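What follows is a single structure, written as C-alpha cells, with notes after it.
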Amino acid sequence: MKKILVYAAMMAVSMPMSAQETYENAKIAQEDLNGTARYVGMGGAMEALGADISTIGTNPAGIGLFRRSNVSVSFGLVSQAGVNSVMGGNKTNASFDQVGFVYSNRTAKSSFLNLAFNFHKSRNFDQILSAAASLQNASLNKLTYNKGVNLLVFPQKAGVDLYRRDDAGKIIGYNHKPDFNKYPYSTCNQLDDMLAQGYNMLYAHDDEGKVIDEEWCYDNASRYQFDRSHTGYIGEYDFNISGNINNRVYLGLTVGIHDVHYKHNSEYTDFMVTERPYTLTVADSREITGTGFDVKAGIIFRPVETSPFRIGLSVATPTFYELRSKNSTTIFDSDGNVMNSRGINDANNGRTSYKFKMYTPWKFGLSLGHTLGTQVALGASYEYADYGSMDTRTITGEYYDTWSGRYSTESRSDTEMNNHTQRTLKGVHTMKVGAEYKPVKDVALRIGYNYVSPMFKKDAFKDGSLDSPGTYTASATDFTNWEDTHRFTLGAGYTYEGFNVSLAYQYSTTKGTFYPFMSYSDNNVAADDNIVEGVKVDNNRHQLLLTLGYTF
C-alpha cells in the first residue's frame with residue numbers, strides 16, 4: 001500500500017510528456033563495425049567461428065569456443081575523409097575501442113563453462129557534415145510562416161477572417177498572429193516558436209511605442225550553408241556466460257548495458273533576398289545521454305561430427321533506452337543582432353531538457369564458419385533488424401519504488417511519432433564475409449567485407465508538422481537520408497607464446513541526400529510554396545585499430 005501511495009503522490013506532480021524524433025533516434029540505434037583488430041580485420045564475420053571476445057555482442061555462443069582464458073585491449077584512430085574541421089569537430093580522433101577478458105573453466109573432458117566481460121565502443125559518433133546549395137523562393141523562416149498561415153500551429157477563431165484586405169477586397173496580409181506559447185502542444189517546435197517571436201512577426205508602433213499593427217511575414221533566401229560536428233559514443237558493457245557440450249554444441253547468453261554520450265553543434269545560415277542582403281543563422285547544440293540494456297542469446301553447432309563446419313544462430317532483444325536530451329539554440333543575423341535564444345535551463349514547459357524512452361528493434365542473425373586445417377578460417381554472417389518497428393515512448397510518470405529503493409518511470413508509445421518512423425525507416429540487412437590465412441604458424445593475414453542496406457526509405461523526410469512531443473522539442477529541421485554502407489577491412493596478427501598483437505584497417509563509405517528542411521507546397525498561394533532540393537553528401541571513414549592480448 002505504501003508503494004501505491006508514493007506512486008500516486010509522484011503522479012500528482014506535473015511532468016512534461018516528451019519523446020524523441022525519428023532521425024535523432026536512428027543515430028542512437030545504428031551500430032558500427034568495431035571490436036578487436038582480429039574481429040574487424042575479418043569484417044566481423046566470426047559469429048560462427050567464435051573464439052574472439054567481440055562475438056560476445058553478436059553471437060554470445062562464440063565465447064563458448066574459448067579453451068583458455070584471455071585478456072585483450074584495443075585502441076586506434078578514426079579519420080573522416082574529404083571534410084574540413086568545423087564547429088569544434090576534428091576530422092581525426094583517437095579512440096579507446098575495447099577491453100575485456102574471458103575466464104575459461106573445463107567442466108569435463110570435452111566441455112567448458114566460460115565467463116566473460118567486454119567493453120567496446122558500439123557507436124562512434126565523430127562525424128562532420130557540411131552542405132550548401134542555392135534556394136529558389138524558399139527559406140527556413142518561410143517554413144515557420146507556412147505553418148502559421150495554414151493553421152498548422154494556430155487554430156483559427158470562429159468568425160475571424162484569416163486575411164487582411166484592402167478596400168477592393170484584395171488580400172494584402174494576414175489578420176492573425178500564431179501564438180506558439182498559447183498552443184504548446186500544437187504541431188510546432190521550439191525553433192518555430194523562436195522564429196515566430198524573433199523574425200516572422202513584424203510590429204508597427206506609434207510615437208509612444210504602442211503596437212498599432214502587426215504583420216505575419218517571411219523572406220526568401222538565395223542559398224544556404226550548413227555545418228555540423230557530431231561527437232561522442234555509445235559504450236557497450238557485455239556480461240556473458242557460455243559453454244559447450246562435447247565440442248559439438250555451443251551455447252551463450254549475454255546481458256548488455258549501453259551508455260550513450262552524444263552531442264552535436266551546428267550552424268544553419270540563410271542568405272536572405274532583401275533590399276539589403278544579410279544572413280540569418282540558427283546555431284544549435286544538442287546533447288543526448290542515458291543508458292539502456294539488452295539481452296542476447298546464441299547457439300553454434302557442428303552438424304557433422306567429423307567436420308569443423310559450424311552454423312550459428314543468434315537473437316537480440318531491443319535495447320531498452322531511457323535517455324535525456326537537452327539543447328541550446330540561438331538565432332542571430334549578420335549584423336550581430338541576437339533575435340532569439342533558448343538555453344537548456346529555460347523553464348519553457350520542459351521543452352529544452354526532457355527525458356524519453358526508446359526501444360530499438362529485435363535483431364536476428366545467421367552465420368556460417370569453416371576451417372581448413374590450422375591455416376585457413378572462413379566466415380559469413382547475416383543479420384536483420386526492422387528499424388521501422390522502433391518504439392519511441394513518452395514518459396507519463398515517475399514514482400519511488402520502496403521495494404527496490406529506486407525512482408522508476410512509466411511510459412507509453414508515442415503513436416504519432418511511431419507511425420512516422422514506420423513511414424521513414426525500414427528493415428536493414430547486414431551481410432559480412434571474412435577470411436584468415438596463416439602462412440606460418442604465428443602469423444595471420446585477414447580480409448573482410450560488409451554490406452549494410454539502407455535504413456531510410458527514399459521518400460523519407462523529417463515531418464515538422466507531427467502532433468508529437470518529439471516535434472515540439474525539436475530545435476533543428478535538417479535531415480539526411482543515408483543510403484547503403486560498404487565496409488572493406490584488412491588485418492594482420494602475430495603471436496609469440498601467450499602474447500598476441502593484431503592490427504586492422506577499415507574503410508567505410510556511405511552516401512546520402514541532405515535536406516535543410518522539409519518541403520511545403522501551398523495549394524492556395526503558389527508564391528508561398530517552400531520547396532528545397534536534396535544535396536548529395538558522403539561519410540567516408542578510415543579506422544586504424546590495434547589490439548594487444550594475452551592468453552593463459
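The values are calculated or read from the model by the stated rules, or taken from the named source; none is laboratory data. On a predicted model such as this, the values are computed, not experimentally measured, just so you know. When we count neighbours, we look across all protein chains shown, and the Cβ atoms used for this are built from the backbone with ideal geometry, even at glycine. Each accessible area value is taken on the protein alone, full model and side chains, heavy atoms only, with ligands, DNA and RNA left out. Shrake-Rupley method; radii C 1.70, N 1.55, O 1.52, S 1.80 Å.
Odds and ends about this structure:
- Shape call, the stretch 15-91: gyration tensor on alpha carbons, a/c limit 1.5: oblate
- The stretch 384-477 pair-distance distribution - Cα-Cα, 5 Å bins, rounded %: 3, 10, 13, 13, 11, 10, 10, 8, 7, 6, 5, 3, 1
- Once both labels are positioned 7 Å from their Cα atoms along Cα-to-Cβ, the gap between Phe301 and Met201 label points is 6.8 nm.
- Distant alpha-carbon pairs in the stretch 193-327 (separation over 25 angstrom), percent: 61 percent
- The coefficient of translational diffusion for the stretch 463-530, derived via Stokes-Einstein from the alpha carbon Kirkwood radius under 37 °C and 0.692 mPa s, stands at 192 µm²/s.
- Accessible area (Å², 1.4 Å probe, nearest 10) - Asp463: 30 Å²
- The 1.4 Å probe gives accessible areas that order Met417, Met339, largest first, as Met339, Met417.
- Ranking Thr274, Thr394 from most to least accessible surface, computed with a 1.4 Å probe over the protein chains only, gives Thr274, Thr394.
- Each of Trp403, Trp216, Trp482 has its accessible area taken with a 1.4 Å probe; listed largest first, they run Trp403, Trp482, Trp216.
- For the stretch 399-552, the square roots a ≥ b ≥ c of the C-alpha gyration tensor eigenvalues yield an a/c of 1.5 or more together with a/b not exceeding b/c, which makes the shape oblate.
- Residue-count net charge about Gly534 - beta-carbon cut-off 13 Å; Lys, Arg +1, Asp, Glu -1: 0
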